[in-house]
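Asker: The structure that follows is given in the form of structure tokens.
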Amino acid sequence: IKGWFNDSLPEHKSSIGSIAILRLDGDFYESTKVPMLELYPQVVRGGIVIIDDYGTFAGCKKAIDEIVPDQDIIYAENGVHFFIKK
């Protein structure tokens, strides 16, 4: 799907369905927050959310921490972190 997250995701998220693994690589605050707000509700309980830039870009970390402040976020490698949806 081509387009900016804030334009394309609201229109197409219903066609995506349930999500078992969500990998985010938006780098910055807005480009991380929008996909989380739009797609995180579709992540199933026990699903994995991988955040490529959580340990690299402050804006990315801020967006995740605002949306899921109670998650145990685990370091993987090279700035990549993940968590399992409760």
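Asker: So how much slack lies between residue 27 and residue 1, counting 0.36 nm per residue of separation and subtracting their Cα-Cα distance, in nm? Kindly include the intermediate steps, with their values, before the conclusion.
Answerer: On the way: separation 26, 0.36 × 26 = 9.36 nm, distance 1.87 nm.
Between residue 27 and residue 1, full extension yields 7.5 nm more.
Asker: In a GNM of the chain with a 10 Å cut-off on Cα contacts, which of 62, 33, 13 has the highest mean-square fluctuation?
Answerer: Of the options given, 13 has the highest mean-square fluctuation.
Asker: Given only helices, namely DSSP H runs of n ≥ 4 each adding -39500 (n - 2.57), what is the per-residue ellipticity at 222 nm of the chain, to the nearest 500 deg cm²/dmol? Please report the intermediate quantities before stating the final value.
Answerer: Working: 3 runs with 33 residues, N = 86.
Using -39500 (n - 2.57) per qualifying helix, the result is -11500 deg cm²/dmol.
Asker: When the accessible area of the chain is computed with all protein chains present and a 1.4 Å probe, what percentage of it is carbon and sulfur?
Answerer: The C+S portion of the solvent-accessible surface of the chain is 55 percent.
Asker: Okay, moving on. Over the chain, what is the relative contact order in whole percent, taking alpha-carbon pairs under 8 Å and six or more residues apart? Don't skip to the answer; put the middle values down first.
Answerer: Working: 144 pairs, mean separation 25.5, N = 86.
Relative contact order of the chain: 30 percent.
Asker: Rolling a 1.4 angstrom probe over the protein heavy atoms, how many square angstrom per residue are accessible across the chain? Don't jump to the answer; show the numbers that get you there.
Answerer: Values: 5280 Å² over 86 residues.
Per residue, the chain has an accessible area of 61 Å².
Asker: For 81, 12, give me the order by solvent-accessible area with a 1.4 Å probe, most accessible first, ignoring ligands, DNA and RNA. Write down the numbers at each step before the final one.
Answerer: Numbers: 81 25, 12 60 Å².
Heavy-atom accessible area, descending, gives 12, 81.
The values are calculated or read from the model by the stated rules, or taken from the named source; none is laboratory data. From a predicted model like this one, the values you see are computed outputs, not experimental measurements. Side chains are part of the model used for accessible areas, which takes the heavy atoms of the whole protein and leaves out ligands, DNA and RNA. Shrake-Rupley method; radii C 1.70, N 1.55, O 1.52, S 1.80 Å.
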